[in-house]
Amino acid sequence: MPLIHLTTVIHAPLPRVFDLSRSITLHKRSMEHLKEEAIKGKTSGLIEYDETVTWRAKHLNKMRELTMRITAMQKPGYFCDEMEQGDFTYMKHEHYFKEIHNGTIMIDIMEFGTPYGRMGRWFEKLYLRKYMKRLLQLRNKIIKEYAESEKWRVILD
């Protein structure tokens, strides 16, 4: 299974970064280019433990749906979301947050798997891992942009 590990330094307080990372509204803004929308479950605000969100977005020229559940949460240092329904055979995204003297370190660890046996693994290696990593990097860039400016108030106030 592919594993993506990203570390992002954000010059903002840990609670703000943690909450922006759980924001359905900010997630939608970071994925506007995919026309991503929350269609079921938690569709706005901050997602909490044991809540689900179903996302609909255009990936690889097809509208797809993905339902994720928050399976663990230890505020403000960690939460995990796992796929309940979608095109993957498995998806788990762990979010870690650590306070540092000038802000927060945010760590993402994502694992996923695709169906179709050898063909699916080939697709993961040649394309899908890079595609998913770029999506996470874009999401983290938006979280950083909002957290380090006054834009966060629009999302969290």
Inset, instruction - Among the residues of the range 88-103, count how many are over 17 Å from Asp19 (Cα atoms) and free of Cβ contacts under 8 Å to residues at least 40 places away in the same chain. - result: 5
Inset, instruction - Would you be able to tell me the number of residues in the range 2-38 that are in a strand (DSSP E or B) and loosely packed, with under 13 Cβ neighbours inside 10 Å? - result: 4
Inset, instruction - Can you tell me which residue within the range 45-81, out of those that are modelled with pLDDT under 95 and over 14 Å from the mean Cα position of the chain (by Cα), is surrounded by the most Cβ atoms within 10 Å (Cβ to Cβ)? - result: His59
Inset, instruction - Kindly establish whether Gln85 is over 20 Å from Ser23 (Cβ atoms), surrounded by fewer than 16 Cβ atoms within 10 Å (Cβ to Cβ), among the polar types (S, T, N, Q) and without any contact (Cβ under 8 Å) to a residue 60 or more places away in the chain. - result: yes
Legend entry - Candidate set from the range 104-157 (those that are assigned to a helix (DSSP H, G or I) and among the small types (Gly, Ala, Ser)); member that is farthest from Glu94 (Cα to Cα): Gly117
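Filter the range 16-43 for residues that are small (Gly, Ala, Ser) and in contact with a strand residue (DSSP E or B) (Cβ under 7 Å, 6 or more places away or on another chain); which is nearest to Arg69 (Cα to Cα)? Reasoning before the result, please.
Kept after step one, since they are small (Gly, Ala, Ser), are these residues of the range 16-43: 21, 23, 30, 38, 41.
Okay, now just the ones that are also in contact with a strand residue (DSSP E or B) (Cβ under 7 Å, 6 or more places away or on another chain), so 21, 23, 38, 41.
Values: Ser21: 14, Ser23: 14, Ala38: 13, Gly41: 9 Å.
Checking each candidate, the answer is Gly41.
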Inset, instruction - From the list Lys98, Lys141, pick out the single residue that is more than 22 Å from Glu32 (Cα to Cα), modelled with pLDDT of 95 or more, in contact with a helix residue (DSSP H, G or I) (Cβ under 9 Å, 6 or more places away or on another chain) and among the charged types (D, E, K, R). - result: Lys98
Inset, instruction - Could you figure out which of (1) modelled with pLDDT of 95 or more; (2) not in a strand (DSSP E or B) isn't true of Asp87? - result: (1)
Inset, instruction - From (1) touching a residue at least 60 places away in the same chain (Cβ under 8 Å); (2) in a loop (DSSP other than H, G, I, E, B), pick out the condition that doesn't hold for Thr43. - result: (1)
Inset, instruction - Report, by residue number, each residue of the range 124-154 that is more than 17 Å from the chain's Cα centre (by Cα), free of Cβ contacts under 8 Å to residues at least 12 places away in the same chain and surrounded by fewer than 14 Cβ atoms within 10 Å (Cβ to Cβ). - result: Leu126, Tyr127, Ser149, Glu150, Arg153, Val154
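The values are calculated or read from the model by the stated rules, or taken from the named source; none is laboratory data. Not measured: the values here are computed from a predicted model. Glycine also receives a Cβ, built like all others from the backbone with ideal geometry; neighbour counts cover every protein chain displayed.
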